[in-house]
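Participant: Below are the structure tokens for one structure; questions will follow.
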Amino acid sequence: MENYLNNIIVTIDGASGSGKEKIAKFISRKYKLYHLDSGLIYRRITLFFIKNKITVSDELRIKKTLNNKIKINPIKHVSLRNEEISRLSSIYATKKIVRDFVNKQQRIIVKKTLKNGKGCVIDGRDIGSKVFKNAKIKLFIQVNVKIRAKRRHKQLIEQGEKSIYSQILKNMKLRDKKDKNRKHSPLVIPKNAFIIDNSKSFDFTKKQLNEIFSKL
């Protein structure tokens, strides 16, 4: 099983705040897989655009910037997790050129990782449906939007940020609508994906994951 997992790709898709990152980290630790968070790549690009005053409507500058092959290293950084970056990254992510750039970066990272003998777990919104369609295991995380909003509200409060639950809920519903209805790579349940209910305790979620991986 260990040798088999060295060449495996696990994709995790789901809406904003569904717990994809936590699940990916669990799988990464337990099965010694490299974890790639696609959302952080989008956030780093967004932060770069903001700092360089490149607006979402300035497609020429976006194209020129990405064609210059700016280095977007998917290393976690706490400032990328705030609500403003989340909101803006969802807007930039509607651009085909941005999605194509990020998808290419992900494929390069995963190809290199697999070549070095390590499997990968990647989470995002179009990973199993678009980026890695041939992944061995595809997961789709489902959680009611009200539960997601409550969790996000609690997380922001714990981080010391000002947070209003009703506003978080409103933003999440809007984000869901954008993700599901965007023209390029909308959020869908990937073909042959396992549906994971992450609305209860994490022990319940782990039980579902363990059942899936035990069949490998």
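Participant: State the Kirkwood hydrodynamic radius of segment 131-194 in Å, one decimal place, computed from all pairs of distinct Cα atoms.
Facilitator: Details: mean 1/r = 0.0731 Å⁻¹.
Hydrodynamic radius (Kirkwood, Cα pairs) of segment 131-194 is 13.7 Å.
Participant: Sort segment 2-206 into rounded, prolate or oblate with this rule: let a ≥ b ≥ c be the square roots of the eigenvalues of the Cα gyration tensor; rounded if a/c is under 1.5, and if a/c is not under 1.5, prolate when a/b is larger than b/c, oblate otherwise. Display every interim value, and only then the final one.
Facilitator: Numbers: a/c = 1.60, a/b = 1.07, b/c = 1.49.
Cα axes put segment 2-206 in the oblate bin.
Participant: Restricted to Cα positions, what overall size does segment 84-216 have along the principal axes? Three whole-Å values, descending.
Facilitator: 45, 39, 27
Participant: Right, here's the next one. Please report, in debye to the nearest 20, how large the charge dipole of segment 2-206 is about its Cα centre when each Lys and Arg carries +1 at its beta carbon and each Asp and Glu carries -1 there. Numbers along the way, then the final one.
Facilitator: Details: 50 positive and 17 negative charges, 78 e Å.
Roughly 380 debye for segment 2-206.
Participant: Can you give the log10 of the normalised intensity I(q)/I(0) at q = 0.14, 0.29, 0.31 Å⁻¹, computed with Debye over equal Cα scatterers of segment 26-71?
Facilitator: Debye curve over Cα of segment 26-71, log10 I(q)/I(0) at q = 0.14, 0.29, 0.31 Å⁻¹: -0.46, -1.10, -1.17.
Participant: Provide the net charge surrounding Gly124, with neighbours chosen by a C-beta distance below 11 Å and charges set as Lys +1, Arg +1, Asp -1, Glu -1. Provide the component values of the computation, followed by the final result.
Facilitator: Values: positive: Lys20, Arg99, Arg125, Lys130; negative: Asp13, Glu21, Asp37, Asp123, Asp126, Asp179.
Around Gly124, the charge tally is -2.
Participant: I would also like to ask the following. Can you tell me what share of the DSSP beta bridges in the chain is antiparallel? A percent to the nearest 5 is fine.
Facilitator: Values: 0 of 18 bridges.
Close to 0 percent.
Participant: Another question, if that's okay. Quick one: if you stick a label point 7 Å off each Cα along the C-beta vector at Arg61 and Ile189, how many nm between them?
Facilitator: 4.2
Here, each number is a calculation from the coordinates, and none is a lab measurement. No experiment lies behind these values; they were computed from the predicted model shown. With ideal geometry, Cβ positions are generated from the backbone for all residues, glycine too; neighbour counts draw on all protein chains shown.
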